[in-house]
Amino acid sequence: MKKRIFSIILIIALLFSFSISAFADGDGNIDNGGGDMGNGTSQNSWTPGYDGVRVTVIDSQSEKSVGVSIDYTKISPSSNLVHFGKKSKIDYRNGSKLTFVMGNYVHHKPTGAFPRIISSGDTKASIEAIKTYFCSEGAAQMIANDAGISFDKLINGSYKLLLEPIAYFKYQGIQMGMTAHEAAMYDQIQNGDLRSKMVSLTHKNLPLAMFLERSDLGFPAWNGSSTSKQTDATIMKYLGLGIVSYKEAPPVDLVDTSVVYRINTQVITAVTLNASSEINPDSPATVTFNVGGNIYTMSNIVIPQGNSQLVWCKWTTPASEQYVTITVNSNKGSLSENVIKARIVDLGKNPPPNPTANDRNDAFKVPNLPNKTQTTYSTWSVWWAQWHPYWVWISNWDWCDHGEWGHWVDNGWWEDHGWYDFFTNVYSASLSASSSVIPDNKVPTASGKTMKSGYGINNKVQTVLNISAPSSHVTAAQTAVSYFPEFEYNTYWRLLDLISNSYSSQFEFKPNLYSTYNQKSHFSPIWYPDGQYRVYTYVQDAWTPAGMLSANLNDAITISGSLYDDWHIAPKQ
């Protein structure tokens, strides 16, 4: 067989030297990201080499997983391993929750020379070895076979591979296995206890074992520190993933930091501030965002040494299409991005054309519903600090001379040699939404959700944003766009009117230019066949520091007959 050449996109920055003994000091080799593994105990420990990779096959167009994720590891995990099933970073981004599973852990032994994923002292993981392995024909054959997909189909550009590093370790005396994203979510459940005991593994070496060099699959590139401990929110947004694309796949946008916003929309632009040294209330950080000449600041930021935090500004986009350059500067620490190129687009410029009674489409087939990337839940955290007093007596002995006798007197004083203790406030937001498509009230022969083709429909969209955060951290959903089957859910669309802008936002169609009664409707084509007429709606622009929340919606009416059936031609008198 002719040898196939594969290309890997984006992965992977490899991390962290630490010694063969699991929790000894690292060698500090900055080119390899060296780090201190801390001090382990009999209840909380990790053995170098106890790692693996979760592989999820992703449809390149829909960006949805195909089948069940596959865990590859050279070790034999404990029979009573506690894990969270086979969910991917995309599943969690789309709102999946952690599900605890005891035992029954399904894993696969990889073929060939499977590379080390997480470095350990003198035995360092090799980025070239990982690229060579996962870009090889042998690995593609292995994954295709285990995923139940034909080899030729896997490599024809239709799919990508989402890779996530896995660590197997002991926590609170329990053997556990998890990806970096799962570790961050589990730490939130544990109120930071996992991080406090296993920080160098779960919040540094594991998440930084893989990250993207260019944005892809809706995940941003990581340009921050590769040597610092990371927060749960940063890990869930940026870290613990790599992506393999085959050569026929569509090219990825090479503008790493580009974002697209809608006109007249309140958005949140966020970057990560990394602290190589402590940033405390005595000298806090201030981050300045220059958004097209408008200045926004976030001040009084505190971060413990070696950690990071999302920092952001909330602003309203211009009323017309354009490009906006955003520059970000900080007086402390280092930022993941300093320049962001934002494209502002108008979604209201492509409504459907005027339907006519003579329209036909004899070759029409009902298309598949779109399934855009959606994120219905996000979480982030903010550091705060509190002074921890520690009073120390400073002696200052003086001799007190009384002539024939004397004595020493301590004329000292108390000094506070305390320090700052750091804590995090964890915030979250979740989006729920619904779409209700019904016949327009001007349809004379409608019955419930059944009507004849050629008449108009209405779409009422309701969203609810549940937040555990200050209002300055979030925006309500502000945009809803409906797509229709007669245009293959693509060519034309309707931007809905926002009629109630609150955490319970409501949307409906704009008045139709071709409606005699100026109805807020969309006309179904007269040629549409009997059966379901399903409208797809994408809700977006509910912003948080951890990114935008969005939702895929759909609802249908039933077509039975056409408006011609309602016409009555009387005989000529």
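The values are calculated or read from the model by the stated rules, or taken from the named source; none is laboratory data. No experiment lies behind these values; they were computed from the predicted model shown. Counting neighbours? That spans all protein chains shown, and the Cβs are built from the backbone with ideal geometry, glycine included. With ligands, DNA and RNA removed, areas are computed over all heavy atoms of the protein, side chains included. Shrake-Rupley method; radii C 1.70, N 1.55, O 1.52, S 1.80 Å.
Here are the numbers:
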{"item": "Inter-site label distance for Leu369 and Thr111 at 7 Å from Cα along Cβ, in nm", "result": "3.8"}
{"item": "Inverse of mean 1/r across different Cα pairs in region 383-484, Kirkwood, Å", "result": "21.8"}
{"item": "Unit charges at the beta carbon, dipole of the chain: most positive-side option, Gly456, Ser228, Asn94", "result": "Gly456"}
{"item": "Gln305/His407 FRET efficiency (R0 45 Å; Cβ-Cβ; nearest 0.05)", "result": "0.45"}
{"item": "Charged-residue dipole, Cβ positions (Lys, Arg, Asp, Glu), the chain about Cα centre, Debye nearest 20", "result": "2480"}
{"item": "Which of His108, Leu241, Cys313, positive extreme of dipole for the chain (C-beta unit charges)", "result": "His108"}
{"item": "Solution diffusion estimate, µm²/s, Stokes-Einstein, region 108-151, Kirkwood Rh from C-alpha pairs, 37 °C, viscosity 0.692 mPa s", "result": "287"}
{"item": "Local electrostatic count, Val366, Cβ distance below 12 Å [Lys/Arg +1, Asp/Glu -1]", "result": "-1"}
{"item": "Mean ellipticity per residue at 222 nm, deg cm²/dmol - from DSSP H runs of n ≥ 4 across the chain, formula -39500 (n - 2.57)", "result": "-2500 deg cm²/dmol"}
{"item": "Acute angle (nearest 10 degrees) that the helix 137-147 long axis makes with the longest principal axis of the chain, alpha-carbon atoms", "result": "70"}
{"item": "In Å², nearest 10: area of Trp527 left accessible to a 1.4 Å probe", "result": "60"}
{"item": "Surface share of carbon and sulfur [accessible, 1.4 angstrom probe, percent] for the chain", "result": "49"}
{"item": "Paramagnetic label zone (point 7 Å from Cα along Cα-to-C-beta, Asn396; backbone N under 12 Å) in region 413-434", "result": "413-415"}
{"item": "Relative packing of 169-180, 60-71, which averages over residues the other C-beta atoms within 10 Å, highest first", "result": "169-180, 60-71"}
{"item": "Nearest-ten-degree value, helix 180-189 long axis tilted from longest Cα axis of the chain", "result": "80"}
{"item": "Under 13 Å, Cβ to Cβ, from Glu278 - net charge with Lys/Arg +1 and Asp/Glu -1", "result": "0"}
{"item": "Lysines with Cα under 19 Å of Lys197, excluding same-chain neighbours fewer than 8 positions away", "result": "Lys170, Lys229"}
{"item": "Total formal charge among the other residues, if their Cβ is under 15 angstrom from that of Arg54, Lys/Arg +1 and Asp/Glu -1", "result": "+1"}
{"item": "Subset of Lys87/Lys314; Lys64/Lys89; Lys87/Lys365 violating a 23 Å alpha-carbon distance limit", "result": "Lys87/Lys314; Lys87/Lys365"}
{"item": "Global geometry of region 200-347, whether rounded, prolate or oblate, following the gyration tensor of its Cα atoms and the 1.5 cut on a/c", "result": "oblate"}
{"item": "Largest to smallest principal axis extent of the C-alpha atoms in the chain, angstrom", "result": "145, 67, 41"}
{"item": "Accessible surface, 1.4 Å probe, highest first, among residues Phe509, Phe364", "result": "Phe364, Phe509"}
{"item": "Listed residues Lys97, Lys86, Lys160, Lys372 arranged by accessible area, highest first, probe 1.4 Å", "result": "Lys97, Lys372, Lys86, Lys160"}
{"item": "Accessible area per residue in Å² at 1.4 Å probe, computed on the chain", "result": "45"}
